[in-house]
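What follows is a set of notes on a single structure, which appears directly below.
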Amino acid sequence: MGNAKLYKGSLNTIILKLLEKQGKMYGYEITQKVKELTKGELQITEGALYPALHKLEAEGLLDVEVAKVDNRLRKYYKLTEAGVKETKNRLAELEEFIRSMQHLVNPNWSIN
C-alpha cells in the first residue's frame with residue numbers, strides 16, 4: 001500500500017484510539033480490528049505493533065494485564081489515566097493536521 005509510511009507515523013495514535021474505544025485488547029486483536037476498520041487497506045505487522053505497544057507502556061500510557069486463555073498467557077493492553085489524556089491530545093493534534101493538509105490540497109474545502 002502506498003500510504004504505509006503515512007500510517008506508520010500514526011500507529012501510536014491508532015493504537016491509543018482503539019484502546020480508548022474498546023477498553024482493553026491483545027495484540028492480534030488490535031491488528032485484526034485495524035484491518036477490519038480499514039477494509040484491509042491497512043495491515044499492521046507484529047514487527048511494527050509490539051515495539052509501539054512496548055514504547056507506549058514504557059511512557060506510562062498503557063497498562064498490561066496477563067490472562068490465561070486456552071492454556072496460553074495473553075497480554076491485554078489498556079489505557080492508563082495518563083493514556084486517556086494523551087489520547088485526547090494526540091487525536092486533537094491529528095485532527096488539526098488533517099484540517100491543515102486538507103486546506104493545502106484543496107483550499108476551497110472546509111470542515112466544521
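Brief remarks follow.
- Residue in the range 68-83 that is most open to solvent (accessible area, probe 1.4 Å), counting only those that are of a type in the set (Ser, Thr, Tyr) and in a strand (DSSP E or B): TYR76
- Residues that are surrounded by fewer than 16 Cβ atoms within 10 Å (Cβ to Cβ), closer than 12 Å to ILE14 by Cα and among the hydrophobic types (A, V, I, L, M, F, W, C) within the range 34-54 comprise just one, LEU37.
- Listed by first and then second residue, the pairs linking a residue in the range 45-64 that is more than 14 Å from LYS75 (Cβ to Cβ) to a residue that is small (Gly, Ala, Ser) and surrounded by 12 or more Cβ atoms within 10 Å (Cβ to Cβ), with Cβ atoms under 9 Å apart and 6 or more places separating them unless they lie on different chains, are GLU59/ALA82; GLU59/GLY83; GLY60/ALA82; GLY60/GLY83; LEU61/ALA82; LEU61/GLY83.
- Filter result for GLY9 (closer than 23 Å to PHE97 by Cα and either exposed (fewer than 14 other Cβ atoms within 10 Å of the Cβ) or touching a strand residue (DSSP E or B) at 6+ places or on another chain (Cβ under 9 Å) (or both)): yes
- Restricting attention to the range 34-59, the residues that are in a loop (DSSP other than H, G, I, E, B), more than 18 Å from VAL84 (Cβ to Cβ) and among the acidic types (Asp, Glu) add up to 1.
- Of the residues GLU86, GLU65, GLU93, GLU57, the single one that is surrounded by 16 or more Cβ atoms within 10 Å (Cβ to Cβ) and either farther than 16 Å from LYS21 by Cβ or touching a His at 6+ places or on another chain (Cβ under 7 Å) (or both) is GLU57.
- Checked against (1) in contact (Cβ under 8 Å) with a residue 24 or more places away in the chain; (2) hydroxyl-bearing (Ser, Thr, Tyr); (3) touching a Gly at 6+ places or on another chain (Cβ under 8 Å), THR80 meets all criteria but (1).
- Residue match in the range 26-33 (condition: in contact (Cβ under 8 Å) with a residue 60 or more places away in the chain, surrounded by 15 or more Cβ atoms within 10 Å (Cβ to Cβ), in a helix (DSSP H, G or I) and under 11 Å from the mean Cα position of the chain (by Cα)): no
The values are calculated or read from the model by the stated rules, or taken from the named source; none is laboratory data. Note that the structure is a prediction, hence the values are computed from the model and not measured. Glycine gets a Cβ as well: all are built from the backbone with ideal geometry, and neighbour counts include every protein chain shown. Heavy atoms of the whole protein, side chains included, go into the accessibility calculation; ligands, DNA and RNA do not. Shrake-Rupley method; radii C 1.70, N 1.55, O 1.52, S 1.80 Å.
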